[in-house]
Every structure is written in C-alpha cells, then in structure tokens.
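The values are calculated or read from the model by the stated rules, or taken from the named source; none is laboratory data. Small disclaimer: the values here were computed from a predicted structure and weren't measured. Every residue, glycine among them, receives a Cβ derived from its backbone with ideal geometry; neighbour counts consider all protein chains shown. Accessible surface areas use protein heavy atoms only, side chains included; no ligands, DNA or RNA. Shrake-Rupley method; radii C 1.70, N 1.55, O 1.52, S 1.80 Å.
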Amino acid sequence: MRIGAQVRAGGRLVPALERADEIGAEAVQVFTQSPRMWKPAQYAPEVLAAYRAAHAVHPTVSATYCHATYLINLASDDPELLAKSRAALVANLTVARGMGADGLVLHLGSHKGAGFGGRVAQVVDALLDALASATDPVAGPGEGHACPILVENAAGAGGTMGRTFEELADVLERADAGPALGVCVDTQHLWASGADFTTPDLADAVVRSLDATVGLARLGCLHLNDSKVVRGANRDRHANVGEGAIGAEGLGCLLAHPALDALVAVLEVPGAGDGPRAEDVTAARRALEAGRRRWAAG
C-alpha cells in the first residue's frame, strides 16, 4: 500500500509534487479549486500539461488524486444551488482530467430530509452529465484522460448521501457508467457511521461487506484519518493517525487487509494545523506495519 497526502497545489500545480516529496508521500491529493469557494481555478492548458509531464517522470510520487470543492450538493432541492453544483463538478473534473489524475473524489451532498430515495435519481443524472460534459484541456481531438469520479462515503451527519456501502452501490448501479465511477472510502467517515475495523476479523467483515455491495474493483483509493469522535457519532472530525478514537493499530488492521494492498491511502489529517507532515506519513506507515503484524499473528 502506498501512503499519500493532501497538499496545497497553488497556481502552478507542480509544487504539489515537490511538497509531497518533502514529506515522503508516495501519492498526492489536491483540490482543483478552493474547497469552500464557488469560483473555479483557471489553469492554462500548458500548466496542466506541465503537471502531467512532471508527474510522469517523478521518482516517488506515483499517483495523483483531486478533490472536488465541498460546496457541491448534487442532492439539493434549490435549483440555483443544484445548477452551481453541477457546473462546479464539470469544472473540477475537467481540471482533474487535464492533470491526468487517477480520480476526482466527490462528496455527493445532502438531501435535507427528502431521503436518499427521493434524491438519488437527481444525483445520478448530475454525475452522468459531468462525465459527458467534462473535457481534457490537454488532449487532442478524439483523445482524453479518463479520470473517474470517486464517490466518497459520508460520516452520516444530517441527510448526507452515501452513508452506507449500500447507498454507494445503488448510485453506481443506477449510473451504470463502468470504470468512470468508483468510490473512495474514508476511514474516519466509516468509523463515524458505525463501522468497527479495529481487529483483523472486524476489518475482514467490513471489506467483505464492501465487496458484496460496491465491489472491490470499484474502490479507487482510501482516505486515511483517525477520528476525534467515538464510533457511530455521525460527525466528520479528522484526527492525526494514533491521536484519535480509532488508534494507529485499529487503522492498521484495515490498511493491512490483503485485498487492499494495491491501493493508495491518502492522509487528510490536520497535522499541526496545516495538513499532513512528514511525521504523519511516518505514523501512517507504522500503523500499516502494526496492522500487518496483527494479520500475521492470526
């Protein structure tokens, strides 16, 4: 398993690779625009092409993921908000494709009490529209990088969409978009929604449940976070690895599951307040090794 980290990209993008290298990360995740603003980032095609070229020859950073802005709510009943959300998703996916990213991670949003069933068709329509409308600014005619949208599981607060593996699977099944749609599983969200994976047996049960619903082939990456809240609290509160309610060894039991070995686990931890540090990457690798020892012990 490769350990990655969320880092700042800036206007030139390539410095994201440099920042990841500085902290020892093997993969990088960046926001394609400000996570809490509607205004999309305007990257010239040559900036996107430069990132793709630099990433292709980078000796240690082997994967890039993008994260869509948090403001997107594809389940909204507000026509203006929904229109802005759909446009933002197209813009974010266009940048991710231009960067040659391995996936664009997306929070689906909240149905605000309408129920999952009452909004899932609307969400699926928005996802399919984004896949059809987004372009690759670097590619020539008839070409393009097929960056998938990776729908992230929710911690369960309010009316969030994608609270369970079954809900994620329903979205993917209705969309029927093949590899263009997948999932990203966040360990803190999983814990906050009630799942326990802190022993090899419990982790195996969670992975088997994921495989039986979404399918492991649709799992694009993990988000690796400890939790500031207890299991089942339904709150999105990330903690540094080993400093939360899950604990390093508990996280390691999931990370070390043999079926997840080829994945990237991206740190989204607070660090000292400015995101993942070198010591956070080291802590993640130690957690993984502790988990492998637990699995080996049987």
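Some points to look at:
- Matching residues, region 35-84, being within 17 Å of Asp129 (Cβ to Cβ) and either in contact with a Phe, Trp or Tyr (Cβ under 6 Å, 6 or more places away or on another chain) or among the basic types (Lys, Arg) (or both): Lys84
- Odd one out for Leu17, checked against (1) open to solvent by 60 Å² or more (accessible area, probe 1.4 Å); (2) part of a helix (DSSP H, G or I); (3) touching a residue at least 24 places away in the same chain (Cβ under 8 Å): (1)
- With respect to (1) within 24 Å of Glu46 (Cβ to Cβ); (2) surrounded by 22 or more Cβ atoms within 10 Å (Cβ to Cβ); (3) β-branched (Val, Ile, Thr), the lone exception for Ile149 is condition (1).
- The residue that is nearest to Phe31 (Cα to Cα), counting only those in region 232-246 that are surrounded by fewer than 18 Cβ atoms within 10 Å (Cβ to Cβ) and more than 20 Å from the chain's Cα centre (by Cα), is Glu243.
- Taking region 43-55 as the range and being in contact (Cβ under 8 Å) with a residue 40 or more places away in the chain and of a type outside the set (Phe, Trp, Tyr) as the test, the residues that pass are Pro45, Leu48, Ala49, Arg52, Ala54, His55.
- Pairs with Cβ under 9 Å, 6+ apart, first in region 282-298 and open to solvent by 90 Å² or more (accessible area, probe 1.4 Å), second modelled with pLDDT of 95 or more and β-branched (Val, Ile, Thr): Arg286/Val241
- Matching residues, region 50-81, being open to solvent by less than 40 Å² (accessible area, probe 1.4 Å) and in contact with a Gly (Cβ under 9 Å, 6 or more places away or on another chain): Tyr51, His55, Val61, Ala63, Thr64, Tyr65, Cys66, Ile72, Asn73, Leu74, Ala75, Ser76
- Within region 210-227, tally of residues that are out of contact with any Leu (no Cβ under 9 Å at 6 or more places or on another chain) and either of a type in the set (Ser, Thr, Tyr) or surrounded by 19 or more Cβ atoms within 10 Å (Cβ to Cβ) (or both): 1
- Filter result (surrounded by fewer than 16 Cβ atoms within 10 Å (Cβ to Cβ), at negative phi and either out of contact with any Phe, Trp or Tyr (no Cβ under 9 Å at 6 or more places or on another chain) or assigned to a loop (DSSP other than H, G, I, E, B) (or both)) within region 256-281: Ala259, Asp261, Ala262, Ala272, Asp274, Ala278, Glu279
- Here region 82-97 is the region considered, the condition is being farther than 14 Å from Cys147 by Cβ and of a type outside the set (A, V, I, L, M, F, W, C), and the residue that is least open to solvent (accessible area, probe 1.4 Å) is Ser85.
- For region 20-40, a residue qualifies if it is within 15 Å of Cys66 (Cβ to Cβ) and surrounded by fewer than 19 Cβ atoms within 10 Å (Cβ to Cβ), and the qualifying residues are Ser34, Pro35, Pro40.
- Any hit, region 252-267, residues being among the acidic types (Asp, Glu) and under 21 Å from Val7 (Cβ atoms): no
- Filter result for Leu71 (closer than 19 Å to Ile149 by Cβ and either in a loop (DSSP other than H, G, I, E, B) or of a type in the set (Gly, Ala, Ser) (or both)): yes
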